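**Q** If you scroll down you'll find the structure; I have some questions about it.
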Amino acid sequence: QVQLVESGEGLVQSGGSLRLSCAASGIIFVSLYTMAWYRQAPGKQRELVAQIISGSTTYADSVKGRFTISRDNVKNTVYLQMNSLKPEDTAVYYCKLIRSSSDYWGQGTQVTVSE
């Protein structure tokens with residue numbers, strides 16, 4: 001059974017930093033698949049924040065230059081380093097594993113950025 005477990009939730013002040021982690025289990029060759037971070041703010045649709053496949057990364061315009069996605073293929077873990085956080089980054093952040101046959105989501109982790 002594939003599981004994605006996020007961690008790193010927190011409350012930070014504007015301008016602060018957080019690092020989120022997403023550990024995958026129950027699946028082999030995780031390095032072959034696209035891993036992504038999404039977020040959903042209250043009253044808004046879930047949106048793609050960043051994704052990584054092999055060494056290639058893409059980011060939403062709103063986080064470019066502030067967030068960095070990376071992965072450790074030995075630990076089957078993907079990270080999201082978030083710097084220069086803004087109140088508008090407040091949301092529940094979800095990890096996603098994407099493969100041709102099916103996708104998997106984590107349970108979500110709350111990030112709150114105060115003024």
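The values are calculated or read from the model by the stated rules, or taken from the named source; none is laboratory data. In this text the structure is predicted, and so the values were computed from the model without any measurement. Note: ideal-geometry Cβ built from the backbone for every residue, glycine included; neighbour counts use all protein chains shown. In case anyone asks, the SASA skips ligands and DNA or RNA and just uses the protein heavy atoms, side chains included. Shrake-Rupley method; radii C 1.70, N 1.55, O 1.52, S 1.80 Å.
**Q** Cut-off 14 Å, label point 7 angstrom out along Cα-to-Cβ of residue 31: give me the residues of region 56-81 whose amide nitrogen falls inside.
**A** 56, 71-78
**Q** Okay, moving on. Please calculate how many Å² of accessible area the chain carries per residue, with a 1.4 Å probe and no DNA, RNA or ligand atoms counted.
**A** 54
**Q** Could I ask something else about it? Ordered by residue, what ³J(HN,Hα) values in Hz, to whole numbers, does region 99-115 give under the Karplus form 6.51 cos²θ - 1.76 cosθ + 1.60, where θ = phi - 60° and Gly and Pro are x?
**A** 9, 5, 7, 5, 10, 9, 10, x, 7, x, 9, 7, 10, 10, 10, 8, 5
**Q** Counting C-alpha atoms alone, how compact is the chain: give Rg to one decimal and Dmax as a whole number, in angstrom.
**A** In order Rg, Dmax, the Cα atoms of the chain give 13.4, 42 Å.
**Q** While we're on this one: Do any trypsin sites (Lys or Arg not before Pro) in region 6-108 lie in a loop, going by DSSP, with at most 14 other beta-carbon atoms within 10 Å of their beta carbon, and if so which?
**A** Those satisfying the criteria are 44, 64, 75, 99.
**Q** What share of the DSSP beta bridges in region 1-79 is antiparallel, in percent to the nearest 5?
**A** In region 1-79, approximately 100 percent of DSSP beta bridges are antiparallel ones.
**Q** May I pose another question? For residue 86, go through the lysines and keep the ones whose alpha-carbon is under 19 Å away, minus same-chain ones fewer than eight residues off.
**A** Qualifying lysines at Cα under 19 Å: 44, 64.
**Q** Let me ask another. Just grab the label-to-label distance for residue 110 and residue 98, each label 7 Å out from Cα along the Cβ direction, in nm (one decimal).
**A** 2.9
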